[in-house]
Amino acid sequence: MSKPCHSGLGKSTLVNTLFKSQVSRKSTGWARDEKIPKTVEIKSVSHVIEEGGVKMKLTVVDTPGFGDLINNDNCWDPISKFINEQYEKFLKEEVNITRKKRIPDTRVHCCLYFISPTGHSLRQLDIEFMKRLSHSVNIIPVIAKADTMTIEERQDFKQRVRKELEMSGIEFYPQKEFDEDMEDKSDNDKIREAMPFAVVGSDKEYQVNGKRVLGRKTAWGIVEVENPNHCEFAQLRDFLIRSHLQDLKEVTHNIHYETYRAKRLNENGGLHPISSSDTQESNL
């Protein structure tokens with residue numbers, strides 16, 4: 001999972017919040033009251049999460065903020081390069097004569113794209129980025145810091161974003177063309193109509209009605225991160241970790257990776273088998 005956006009939208013904070021119930025705070029590298037440092041380079045952090053008694057290893061790829069420079073031409077290149085490097089690692093393992101029974105999988109199965117809560121429209125840079133990467137990774141757009149908007153503003157902005165994505169020919173996950181049957185289509189249509197998820201992240205806890213909750217303090221009260229009446233954080237978490245986790249992996253393998261694999265093999269007339277000593281070690 002990777003998560004690009006320009007600086008100041010709280011990528012690291014949201015992902016910390018996303019796995020707060022499954023991942024210890026120490027595993028993220030920061031204390032509860034410590035300010036999360038600004039991401040300055042692409043880095044991967046692995047966690048073990050448990051869902052329904054099943055343990056899974058999850059790697060989060062944190063990207064630096066982009067779009068903040070005077071010249072933002074091709075600012076998506078480092079992220080695109082990283083995604084393709086993971087496909088290349090997997091491909092090289094596949095063509096080994098004596099390959100591993102289970103190939104280490106560092107491929108990016110999901111890209112959370114953080115949209116600034118302007119309430120107006122997407123930036124041209126947002127459109128260009130998602131257009132460039134939507135053919136190589138599953139894009140999931142989210143509206144960051146959604147507590148800065150009213151419910152009405154949020155709904156209007158969601159509709160505007162969906163329309164702009166459609167007009168630009170950008171398909172976000174779950175893509176309509178990969179719905180397997182009518183039941184699948186019906187379920188995914190409801191999800192697509194709710195996207196982009198409007199989310200709030202926080203590492204701070206507050207006392208609300210006798211319970212400790214994660215939230216953000218405002219002039220009018222506490223925005224509860226996991227309260228569906230306040231934001232759609234809980235829906236995003238269920239979507240990523242429970243209902244669509246396996247499908248994200250399958251779309252990555254069967255569609256995005258296969259596209260990359262076919263292109264590489266066509267370019268080279270087939271990759272020659274290589275020994276394991278020629279490949280880089282996986283970080284999984």
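List of remarks:
- A 1.4 Å probe run over the protein chains yields, for the stretch 182-223, 61 Å² of accessible area per residue, whole-number rounding.
- Rounded Å value of the spacing that divides the Cα centres of the stretch 165-186 and the stretch 232-262: 13 Å
- Summarising the amide proton neighbourhood of V208: residues at separation of 5 or more, or on other chains, whose placed amide H is nearer than 5 Å comprise V213.
- FRET efficiency estimate (nearest 0.05) - Cβ-Cβ, E205 to N84, R0 51 angstrom: 0.80
- Once the Cα-Cα distance is subtracted from the 0.36 nm per residue extended length, the R212 to E164 segment shows a gain of 13.4 nm.
- Taking only protein heavy atoms and a 1.4 Å probe, the accessible area of the stretch 122-267 is 47% carbon and sulfur.
- Here the calculated FRET efficiency for V54 and E177, from their Cβ-Cβ distance with R0 = 25 Å, stands at 0.25, rounded to the nearest 0.05.
The values are calculated or read from the model by the stated rules, or taken from the named source; none is laboratory data. The structure presented is a predicted model; accordingly, all values stated were derived computationally and were not measured. Note that each Cβ is placed from the backbone with ideal geometry, even for glycine, and that neighbours are counted across all protein chains shown. Ligands, DNA and RNA are excluded from the accessible area calculation, which covers all protein heavy atoms including side chains. Shrake-Rupley method; radii C 1.70, N 1.55, O 1.52, S 1.80 Å.
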